[in-house]
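The values are calculated or read from the model by the stated rules, or taken from the named source; none is laboratory data. Keep in mind that what you see is a predicted model, and the values were worked out from it rather than measured. We place every Cβ from the backbone using ideal geometry, glycine too, and count neighbours over all the protein chains shown.
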Amino acid sequence: ADFRTSEKSWWCPGCGDFGVLAALQKALVELGIEPEKVAVVSGIGCSGKIGNYINSYNLHTVHGRALAAAQGLKLANRELTVIAAGGDGDGFAIGMGHYMHALRRNVDITYIVMDNMIYGLTKGQTSPTSEHGFQTKSTPAGNVERTVNQLQLAIASGCGFVANGFSANQKQLVEIIKRAIQHPGFALVNTYSPCVTFNKQNTFDFFKQHLTNLDEDPTYDRHDRFAAMKKLMETEELVTGIVYEDPNSVRYEDRVAGYPAEGIVNRDWSVDPAVWQKLVDQYK
Ligand code: SF4
């Protein structure tokens, strides 16, 4: 399988999103999934272009609504590997309502967030994950709001797979995405994906200096939900790796009584001729 396309990239040279795209393509190849069995559903923003650059089904939806469309798609066709993708502005500002409910619903999709801590497409405004004090065009005196902590929110809301990657650490990101796709239920893969054009503060070098890799800590227990939350709350550093993984996760699809195992589109909707005849006879 080859997930590359000939589509010319619109992203700025050096954008972190290239690393996320490459990791996703590699993860899908290594998992042996065929392109016609993959759907990438994105929102609006620079990151929303990711579906254009990958050889799979691509649904480029409206701002903040990628998760709603992705969940519906998965429920209709369980054979598809559904990847929702977007940025921090798309997902955690206008999309926050969908985010919270997707976390607790647990439909079997993977949500990849390219977090650059700024709005890139609209040319550099403060986003929900921008750091306190961050100066942008929309906050020239510095950001006075606290940042959204999407990882803590995910754990608090019952999400069964919470991970954080870095677009410059391909090896780790590929493994995280593979594991997220295999996880039975909603999987969050947040990635630090620097905007080289508008965010001069949270650069590749900044992340290299501030990231702590949980995957390299043998004492860290990723199956302990309370420990995961404690780690996120107490650490001064930004973490990467699989922060939390619920070994007992049960998909939404498997919790709904009577939900067809084959999904909706693959169900045999043809009507039994005997049933038709009965209807016809009734109105004779
Ligand atoms: Fe990437 Fe920033 Fe350019 Fe958008 S503006 S493509 S996020 S570098």
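A few points about this structure:
- The range 1-20, subset touching a Leu at 6+ places or on another chain (Cβ under 8 Å) and touching a residue at least 60 places away in the same chain (Cβ under 8 Å), residue nearest to A85 (Cα to Cα): V20
- Among the candidates G258, G263, the residue that is part of a loop (DSSP other than H, G, I, E, B), out of contact with any Cys (no Cβ under 7 Å at 6 or more places or on another chain), of a type in the set (G, A, S) and free of Cβ contacts under 8 Å to residues at least 60 places away in the same chain is uniquely G258.
- Checked against the criterion of being at pLDDT 95 or above and either within 16 Å of the ligand (Cβ to nearest atom) or touching a strand residue (DSSP E or B) at 6+ places or on another chain (Cβ under 8 Å) (or both), the range 248-256 has at least one qualifying residue.
- Failed item in (1) under 12 Å from the mean Cα position of the chain (by Cα); (2) within 16 Å of the ligand (Cβ to nearest atom), with A70 passing the rest: (2)
- Restricting V243, V271, V265 to residues that are farther than 25 Å from Q150 by Cα and either exposed (fewer than 12 other Cβ atoms within 10 Å of the Cβ) or at pLDDT 95 or above (or both) narrows the list to V271.
- Residues that are surrounded by fewer than 24 Cβ atoms within 10 Å (Cβ to Cβ), more than 11 Å from the ligand (Cβ to nearest atom) and in a loop (DSSP other than H, G, I, E, B) within the range 107-129 comprise V107, D108, T126, P128, listed in sequence order.
- Given (1) exposed (fewer than 14 other Cβ atoms within 10 Å of the Cβ); (2) among the aliphatic types (A, V, I, L, M); (3) under 30 Å from F18 (Cα atoms), number of the condition L214 does not satisfy: (1)
- Residue tally, condition surrounded by fewer than 24 Cβ atoms within 10 Å (Cβ to Cβ) and either away from the ligand (no atom under 16 Å from the Cβ) or assigned to a loop (DSSP other than H, G, I, E, B) (or both), over the range 77-98: 9
- Which listed residue is within 14 Å of the chain's Cα centre (by Cα), free of Cβ contacts under 8 Å to residues at least 60 places away in the same chain and either crowded, with 17+ Cβ neighbours inside 10 Å or over 17 Å from T191 (Cβ atoms) (or both), from A39, A23: A39
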